[in-house]
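> Encoded as structure tokens, here's the structure I'll be asking about.
The values are calculated or read from the model by the stated rules, or taken from the named source; none is laboratory data. The model shown is predicted, which means the values in this text are computed figures rather than measured ones. Don't worry about glycine lacking a Cβ; one is built from the backbone with ideal geometry, like all the others, and counts go over all protein chains shown. Remember, those area values only see protein heavy atoms, side chains included, never the ligands or the DNA or RNA. Shrake-Rupley method; radii C 1.70, N 1.55, O 1.52, S 1.80 Å.
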Amino acid sequence: MERYPNINILLNLPEKYIPKAEFVLRTYCYILRLNPTFLYGKHYEGAHLYYGLPGKFDYPLKIYYEPETAEFFEKRELYPLEKVDFCKFRNEPIPFLFSRSGAIFSFTEETCFFHKDIIASGFYFLTCWHEYISSFFGQTEGRIDYKQSLQYRWDFTETPVVDVYCQMLLYAMEKYCPQFIREISWIEKKRFAVSLSHDIDYWNYWGSSAKLEAFKYNLKTFVKRPLNASYKIAGHLLHKNLIYNPWKTMRTLARCEMDREVRSTWFLLARNDFPDQRQNYISDVKARVQIMDLLGQQDVGLHGSPQSAYNPEVLAEELANLRDLGFNPAGFRTHYLHFNYQKSFAILENAGIKYDSTLGYWEHIGFRAGISFPFFPFNIAENRPFRVLEIPLIVMDTTLFSKKAMNLNYLSAKSSLRNLIDTAEQYQSHLSLLWHNTTFDPIDYPMWGKLYWKTIDYALKKRGWVTSLNDIYEEWVTLSY
């Protein structure tokens, strides 16, 4: 980060808590494009930001810290729900933990004092601490229960609270550290970034057995849903038998992205023993030829089986299968979003995976770790950041339209996505989109393929950088090392 301004940060904290505070502050600095230099002790004349025990010295920025906070993170405890303190920042209620009640800031001629501990609060969200503690008392594998999350209980899933904490720092810097205020941009001076990815759960979904099962289902439910069933029966008979070609759908998808000069990441399954035979396409000779023809020059990651997120041997086998096909996957996303933050990141790190994009909720769009930007997750056991970059999963197509999730129609989903892009533009942040290849089926998912293209076009119109997860990784690591 030599090309970014140096900011001196003075920490006066217990030794075990220092790596946690540095992790959060580095994350903030990467977002704000600052180069942090950490200092330790009660006083340093040239410090710009102070975080630690109360002292008599003034600094431009001082952040509240209560001595009990460091000890809290040495225990297996949830932060008490009744102590979550909401306070409005720019007319939006923002949650704070480990903080004083009342106003966010107070000001003197020389100091902006944060009465909210945005460091400890940030650590709680960035580590998914609520999930971490809950795992000791319940399910440790599988998909996280969204309704047990702090975001669901307090209804701030779509608020990137860590991003907002950074905006608070910027707000204070405008007066007290104006030398750090400048235009922040992504590659080629783009205002914000949108990453694209496709989970290829099926190379060819509509095999003969799938067609037959769909026909039987629509006949069986005809009385309850005559219009929908009639449309599906007619559409399937025409489209699936005379028009549908999965290879053509894939090529069209790749070509339309190329025409827009955007890139995406393709996550491939890499086993040959899934119960659903359609998912074993990695061993199908015809599919293998098509995959290499279409994706040979694309960013290809591993769409790991649920077991691969918990078993290093399974992960190694699946990575080897993709490498045998000629790919060298740098990225990972687990199937069904099965993931255990502490265990799974450790396995990915040991396997040499460079980035992951699994941290998101299936039931709702938004910010599972409270952040839209890429970040290096934190290894609680070893008190250090992992060496795997997390590029948060923010929007998934099935989350938008599934009746078991948000159950949005096309117009509502379009409005939600435009709001997220507007927010990304405002904060010069990041938005990730996951669209399955099957969602481009015009009969079973009418308008949802169109929504993907409309969203990309809207982002490009607003000067967004629309690209693959690997490109986001390459951009971000230049900030981090």
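> Could you tell me which of the residues THR140, THR69, THR127 is under 21 Å from ASP155 (Cα atoms) and not acidic (Asp, Glu)?
Details: THR140 fails: under 21 Å from ASP155 (Cα atoms); THR69 fails: under 21 Å from ASP155 (Cα atoms).
On inspection, the qualifying residue turns out to be THR127.
> For segment 6-36, give me the residue count where each residue is assigned to a loop (DSSP other than H, G, I, E, B) and either surrounded by fewer than 22 Cβ atoms within 10 Å (Cβ to Cβ) or of a type in the set (D, E, K, R) (or both).
Kept after step one, since they are assigned to a loop (DSSP other than H, G, I, E, B), are these residues of segment 6-36: 13-14, 33-34.
Filter once more, keeping what is either surrounded by fewer than 22 Cβ atoms within 10 Å (Cβ to Cβ) or of a type in the set (D, E, K, R) (or both): 13-14, 33.
Number of matching residues: 3.
Every residue, every condition in (1) more than 30 Å from LEU389 (Cα to Cα); (2) polar (S, T, N, Q), yes or no:
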site	(1), (2)
TYR4	no, no
TYR17	no, no
ASN35	no, yes
ARG76	no, no
GLU82	yes, no
ALA103	yes, no
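For every residue, the table says whether it meets (1) open to solvent by 40 Å² or more (accessible area, probe 1.4 Å); (2) touching a His at 6+ places or on another chain (Cβ under 8 Å); (3) free of Cβ contacts under 8 Å to residues at least 60 places away in the same chain; (4) within 29 Å of TYR310 (Cβ to Cβ).
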{"position": "LYS56", "(1), (2), (3), (4)": "yes, no, yes, no"}
{"position": "PRO60", "(1), (2), (3), (4)": "no, yes, no, no"}
{"position": "LYS83", "(1), (2), (3), (4)": "yes, no, yes, no"}
{"position": "PRO93", "(1), (2), (3), (4)": "yes, no, no, no"}
{"position": "PHE98", "(1), (2), (3), (4)": "no, no, yes, no"}
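> Hey, could you check segment 301-335 for residues that are open to solvent by less than 20 Å² (accessible area, probe 1.4 Å) and of a type in the set (D, E, K, R) and say which is nearest to SER357 (Cα to Cα)?
Filtering first and then ranking leaves ARG333.
> Can you tell me how many residues in segment 161-185 are open to solvent by 10 Å² or more (accessible area, probe 1.4 Å) and in a loop (DSSP other than H, G, I, E, B)?
Qualifying residue count for the region: 5.
> Sticking with this one: Scan segment 371-405 for residues that are surrounded by 17 or more Cβ atoms within 10 Å (Cβ to Cβ) and either of a type outside the set (Phe, Trp, Tyr) or over 20 Å from VAL194 (Cα atoms) (or both) and report the count. Break it down stepwise before answering.
So the first thing to find is which residues in segment 371-405 are surrounded by 17 or more Cβ atoms within 10 Å (Cβ to Cβ), and the list is 371-379, 385-386, 388-401, 405.
Then drop every residue that is not either of a type outside the set (Phe, Trp, Tyr) or over 20 Å from VAL194 (Cα atoms) (or both), which leaves 371-372, 374, 377-379, 385-386, 388-401, 405.
Residues in segment 371-405 being surrounded by 17 or more Cβ atoms within 10 Å (Cβ to Cβ) and either of a type outside the set (Phe, Trp, Tyr) or over 20 Å from VAL194 (Cα atoms) (or both): 23 in total.
> With the requirement that a residue be part of a loop (DSSP other than H, G, I, E, B) and out of contact with any Ser or Thr (no Cβ under 9 Å at 6 or more places or on another chain), what does segment 345-369 give you?
We begin by selecting, within segment 345-369, every residue part of a loop (DSSP other than H, G, I, E, B); these are 352-354, 357-369.
Listed by number, the residues that qualify are GLY352, ILE353, LYS354, LEU359.
> Let me ask something additional. Does segment 188-200 contain at least one residue that is touching a Leu at 6+ places or on another chain (Cβ under 8 Å), in contact (Cβ under 8 Å) with a residue 40 or more places away in the chain and assigned to a helix (DSSP H, G or I)? Lay out the reasoning, then the answer.
Our first condition is that a residue be touching a Leu at 6+ places or on another chain (Cβ under 8 Å); within segment 188-200, this holds for 192-200.
Imposing the further condition that a residue be in contact (Cβ under 8 Å) with a residue 40 or more places away in the chain reduces the set to 192-200.
This time we only want the ones that are assigned to a helix (DSSP H, G or I), so: none.
Taking every residue of segment 188-200 in turn, none turns out to be touching a Leu at 6+ places or on another chain (Cβ under 8 Å), in contact (Cβ under 8 Å) with a residue 40 or more places away in the chain and assigned to a helix (DSSP H, G or I).
> Against the definition (open to solvent by 10 Å² or more (accessible area, probe 1.4 Å), at pLDDT below 95, assigned to a helix (DSSP H, G or I) and out of contact with any helix residue (DSSP H, G or I) (no Cβ under 7 Å at 6 or more places or on another chain)), how does LYS248 come out, yes or no? Steps first, answer last, please.
Working: open to solvent by 10 Å² or more (accessible area, probe 1.4 Å): yes; at pLDDT below 95: yes; assigned to a helix (DSSP H, G or I): yes; out of contact with any helix residue (DSSP H, G or I) (no Cβ under 7 Å at 6 or more places or on another chain): yes.
Criteria met by LYS248.
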